[in-house]
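> To start, I am sharing the structure in question, which I have written as structure tokens.
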Amino acid sequence: MALTTSLAGRVRNTSLPKSHALLPLLEAVVNAIQAIDARFGDDTESGRLRIRIRRSPQEALDFSHAGPGRAALKPIVGFTVEDNGVGFTLENMTSFETLDSDHKADMGCRGVGRLLWLKAFDRVTVRSAYEDEAGRIDGRQFRFSVHGEVELDPEAELPAEVGAAVSLDGFKKPYQQSGLKSVEAIAREIFEHCVWHFLRPSGAPHIMVSDDGAVSLNSLMNDFVYSDLQRTSIDVKGERFDMVSLRLKSSPRNHAPRLYWCAANRVVLEENLTSKVPGLYGRLKDSESSPFTYVCYLSSDFLDSHVRADRTAFDISEQAPDTPLIEDVSMDDIRESAGLGPVSEPPFSPAPTRHRRSRTTSPPRPERRVRPRPPGATCAIARPRSTR
């Protein structure tokens, strides 16, 4: 006897915290990058991806974002993600119609991204052209919603070029109000979520986020990353973890050192490293006195296999310091191996302590210690969310 799956029930039981209001959009962007990879391989220069922010023309201005130097904005009602990737081929369409599909499982995909779409948006429209097995251009358009599920539109005018356009429509109020508002903040959120695609040897395709203005994600890489990458690997109870450390140009947004926990080429958790690593606090300066902020991106097959379906956390025990040792890898085990645990050796060589000389007519003054600073960009921890 075959089991029957309720799309409405699956969406209802899918978790999406309001603090992750843009996660459905981020999933659509990653899907588009993967479609470009499938068509062009390492020739990412040929890839084009545009994210269009759509705002309500009638609703009142949203003044929650307004402030000195910032204008009030119309509420966001949806997004459109356009790419020139491989398109919705028969294989991709079959996978889309299969909940919890194993398609692209080797890339860390869980087949739940479209459930997140319907958690935050009323409906989704997909228009796509693709090459069939004979090399001819074919296409399809369909609507996706909780009530109508997948509704094909055979009379729709299809794109002339291979690619896809995914429109997320009807941004639900709780997520709309909690999500980022400006094109700059949204572009930065997408960049940080997809940063692995920019750090890989082949790089990322050309990605633009457009509203009244436009922001190039490729230029953000140059604007925010200050130094070359430093890559290392660590072993935790037989599991390999890859780490990339970056020096980011300091800004009001970048002021605290951070550790990013990643899975399936996406950022899942962000952890503030302030006070956790001796000598690593706030903005640092290199040998030329240029200010920078240290960030570290951590990834592994172990994290890929233990990320939760909604990609907002990991199913990994924290293991408090007083917990007896166990064989399973815990978050604390990983932190300590990376030089971030409570008993780890400092990753930086502390600066020498300065002493103030006492006068002969006065009793010696107490020693004043200077907080240690790291030498330049050297860091023992090294493989990589956002203003409203």
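The values are calculated or read from the model by the stated rules, or taken from the named source; none is laboratory data. As the structure is a computational prediction, the values presented were derived from the model and not from experiment. In this analysis, Cβ positions are derived from the backbone assuming ideal geometry, glycine residues included, and neighbour counts consider all displayed protein chains. Please note that ligands, DNA and RNA were not included when accessible areas were found on the heavy atoms of the full protein model with its side chains. Shrake-Rupley method; radii C 1.70, N 1.55, O 1.52, S 1.80 Å.
> Determine, yes or no, whether Phe121 is buried (at least 21 other Cβ atoms within 10 Å of the Cβ), of a type outside the set (Val, Ile, Thr), more than 24 Å from the chain's Cα centre (by Cα) and modelled with pLDDT of 90 or more.
no
> To continue, here is another question. If you go through the stretch 297-315, how many residues are at pLDDT 85 or above and surrounded by 21 or more Cβ atoms within 10 Å (Cβ to Cβ)? Don't jump to the end; show me each part of the working.
Taking the stretch 297-315 first, the residues at pLDDT 85 or above are 297-308, 313-315.
From the residues that got through so far, the ones that are surrounded by 21 or more Cβ atoms within 10 Å (Cβ to Cβ) too are 297-300, 303, 307.
Adding up the residues that qualify gives 6.
> Separate question: Spot the failing condition for Ile186; the list is (1) buried (at least 21 other Cβ atoms within 10 Å of the Cβ); (2) assigned to a strand (DSSP E or B), and only one is missed.
Going through the list (1) buried (at least 21 other Cβ atoms within 10 Å of the Cβ); (2) assigned to a strand (DSSP E or B), Ile186 breaks only (2).
> With the requirement that a residue be closer than 14 Å to Glu161 by Cα and open to solvent by less than 40 Å² (accessible area, probe 1.4 Å), what does the stretch 37-48 give you?
Scanning the stretch 37-48 gives a single hit, Gly47.
> Let me ask you something else. Step by step: first the residues of the stretch 29-54, then only those that are of a type in the set (A, V, I, L, M, F, W, C) and touching a Phe, Trp or Tyr at 6+ places or on another chain (Cβ under 7 Å), then the one that is farthest from Arg266 (Cα to Cα). Which residue is that?
The residue in question is Ile53.
> If Ser250 passes every condition in (1) out of contact with any Phe, Trp or Tyr (no Cβ under 8 Å at 6 or more places or on another chain); (2) modelled with pLDDT under 85; (3) open to solvent by less than 60 Å² (accessible area, probe 1.4 Å); (4) under 25 Å from Glu184 (Cα atoms) but one, which one does it miss?
Every condition holds for Ser250 apart from (1).
> Answer yes if at least one residue in the stretch 93-104 is modelled with pLDDT under 65, among the small types (Gly, Ala, Ser), more than 28 Å from Glu45 (Cα to Cα) and in a strand (DSSP E or B), and no otherwise.
No: the stretch 93-104 contains no residue that is modelled with pLDDT under 65, among the small types (Gly, Ala, Ser), more than 28 Å from Glu45 (Cα to Cα) and in a strand (DSSP E or B).
> Within the stretch 195-219, can you find the residues that are of a type outside the set (A, V, I, L, M), surrounded by 22 or more Cβ atoms within 10 Å (Cβ to Cβ) and under 16 Å from Val81 (Cα atoms)?
Selection gives Pro205 alone.
> Among the residues of the stretch 21-36, which ones are within 15 Å of Ile186 (Cα to Cα), in a helix (DSSP H, G or I) and either open to solvent by 30 Å² or more (accessible area, probe 1.4 Å) or in contact with a His (Cβ under 9 Å, 6 or more places away or on another chain) (or both)?
Leu23, Leu26, Val29, Val30
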